[in-house]
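Peer 1: Pasting in a structure now, in C-alpha cells, and then I'll have a few things to ask.
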Amino acid sequence: MENHFTKVKEYLTQLKVSIKKEDAKDGIFVIDDEEEGIKNMVIVCDEPILIMQQHIFDVKHESVELYKSLLKKNQDIVHGAFALDETGKKVIFRDTLQLEHLDLNELEGSMKSLTLLLSEYYKDIIKFSA
C-alpha cells in the first residue's frame with residue numbers, strides 16, 4: 001500500500017490540491033481545492049482501489065423528488081456518482097478507481113467530474129440542502 005499511497009500523494013501534489021491530513025498507515029488523505037469546490041474530500045487507498053468521497057449536503061427533508069433528481073443526475077456524471085452515506089442522511093459524491101493502473105489524468109478526471117457536477121447542479125443542491 002505504501003507504494004500506492006506515495007504515488008497518490010505525488011499526483012495530489014502535482015494537482016496542487018491542499019492536503020489537510022494524511023495517514024500513510026491507513027492510506028487516507030483529506031484534501032481541499034476550494035476554487036474547484038472540493039472541501040474535506042476523503043481519499044482512501046484501500047488495495048486494490050482508491051475511494052474518493054466528498055460530502056455534498058445533508059438530507060433535511062426526504063422526498064421522492066430529491067432521490068429521483070439525484071438518480072437522474074447520476075446518468076450525466078462522467079466519473080463517480082451521487083450516493084448516500086451509511087446513515088442515509090448525507091448525500092456524497094463517490095468514485096472508485098483501480099490503484100494498480102492509476103495515473104494522474106484519471107485522478108484529475110474524477111476530481112474535475114465533481115467540479116463540473118457542482119457547477120451544473122448547484123441550484124438543485126442549494127434547493128435540496130435548504
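Peer 1: Exactly one of (1) open to solvent by 90 Å² or more (accessible area, probe 1.4 Å); (2) modelled with pLDDT of 95 or more; (3) out of contact with any Asp or Glu (no Cβ under 9 Å at 6 or more places or on another chain) is unmet by residue 102. Its number?
Peer 2: Failed condition: (1).
Peer 1: Could you please find all residues in the stretch 33-51 being farther than 18 Å from residue 10 by Cβ and among the charged types (D, E, K, R)?
Peer 2: Those that are farther than 18 Å from residue 10 by Cβ and among the charged types (D, E, K, R): 34, 35, 36, 39, 46.
Peer 1: Applying the selection to the stretch 57-94, what residues are open to solvent by less than 70 Å² (accessible area, probe 1.4 Å), farther than 18 Å from residue 44 by Cβ, in contact with a Leu (Cβ under 8 Å, 6 or more places away or on another chain) and of a type in the set (A, V, I, L, M, F, W, C)? Even if it seems obvious, please write down each step before you answer.
Peer 2: The first filter runs over the stretch 57-94 and keeps only residues open to solvent by less than 70 Å² (accessible area, probe 1.4 Å), leaving 57-59, 63, 66-67, 69-70, 73-74, 77, 79-83, 85, 88, 91-93.
Narrowing the set further to residues that are farther than 18 Å from residue 44 by Cβ leaves 57-59, 63, 66-67, 69-70, 73-74, 77, 82, 88, 91.
Retained after the next criterion (residues that are in contact with a Leu (Cβ under 8 Å, 6 or more places away or on another chain)): 59, 73, 77, 82, 91.
If the condition is that a residue be open to solvent by less than 70 Å² (accessible area, probe 1.4 Å), farther than 18 Å from residue 44 by Cβ, in contact with a Leu (Cβ under 8 Å, 6 or more places away or on another chain) and of a type in the set (A, V, I, L, M, F, W, C), then 59, 77, 82, 91 are the ones that fit.
Peer 1: Moving on. Would it be correct to say that residue 75 is polar (S, T, N, Q) and out of contact with any strand residue (DSSP E or B) (no Cβ under 7 Å at 6 or more places or on another chain)? Break it down into steps so the answer makes sense when it comes.
Peer 2: On the way: polar (S, T, N, Q): yes; out of contact with any strand residue (DSSP E or B) (no Cβ under 7 Å at 6 or more places or on another chain): yes.
Yes; evaluated as a whole, the condition is true for this residue.
Peer 1: Hand me the list of strands (runs of 3 or more DSSP E) wholly inside the stretch 23-100 holding 1 or more residues that are among the polar types (S, T, N, Q). Working first, answer last.
Peer 2: Working: elements: 28-33, 38-46, 49-58, 81-84, 90-98.
Because the criterion is at least 1 residues that are among the polar types (S, T, N, Q), the strands (runs of 3 or more DSSP E) in the stretch 23-100 that meet it are 38-46, 49-58, 90-98.
Peer 1: Can you work out which of the residues in the stretch 5-31 that are among the basic types (Lys, Arg) and open to solvent by 50 Å² or more (accessible area, probe 1.4 Å) is farthest from the chain's Cα centre (by Cα)?
Peer 2: Taking the candidates together, the pick is 25.
Peer 1: Here are 7, 16: which of them is at pLDDT 95 or above, closer than 22 Å to residue 115 by Cα and not hydrophobic (A, V, I, L, M, F, W, C)? Explain how you work it out, then say what you get.
Peer 2: Working: 7 fails: closer than 22 Å to residue 115 by Cα.
Exactly one residue qualifies, and that residue is 16.
Peer 1: State all residues of the stretch 32-47 that are closer than 22 Å to residue 82 by Cα and over 10 Å from the mean Cα position of the chain (by Cα); if no residue qualifies, say none. Even if it seems obvious, please write down each step before you answer.
Peer 2: Filtering the stretch 32-47 for residues closer than 22 Å to residue 82 by Cα gives 32-46.
Those that are closer than 22 Å to residue 82 by Cα and over 10 Å from the mean Cα position of the chain (by Cα): 32, 33, 34, 35, 36, 37, 44, 45, 46.
Peer 1: So which of 2, 34 ends up being open to solvent by 100 Å² or more (accessible area, probe 1.4 Å), more than 14 Å from residue 99 (Cα to Cα) and modelled with pLDDT under 95?
Peer 2: On the way: 2 fails: more than 14 Å from residue 99 (Cα to Cα).
Being open to solvent by 100 Å² or more (accessible area, probe 1.4 Å), more than 14 Å from residue 99 (Cα to Cα) and modelled with pLDDT under 95 holds for just one of 2, 34, which is 34.
The values are calculated or read from the model by the stated rules, or taken from the named source; none is laboratory data. Treat the numbers as computed from the prediction; the structure is a model and nothing was measured. No Cβ is skipped: glycine too gets one built from the backbone with ideal geometry, and neighbour counts run over all protein chains shown. These accessible areas exclude ligands, DNA and RNA; they are computed on the full protein's heavy atoms, side chains included. Shrake-Rupley method; radii C 1.70, N 1.55, O 1.52, S 1.80 Å.
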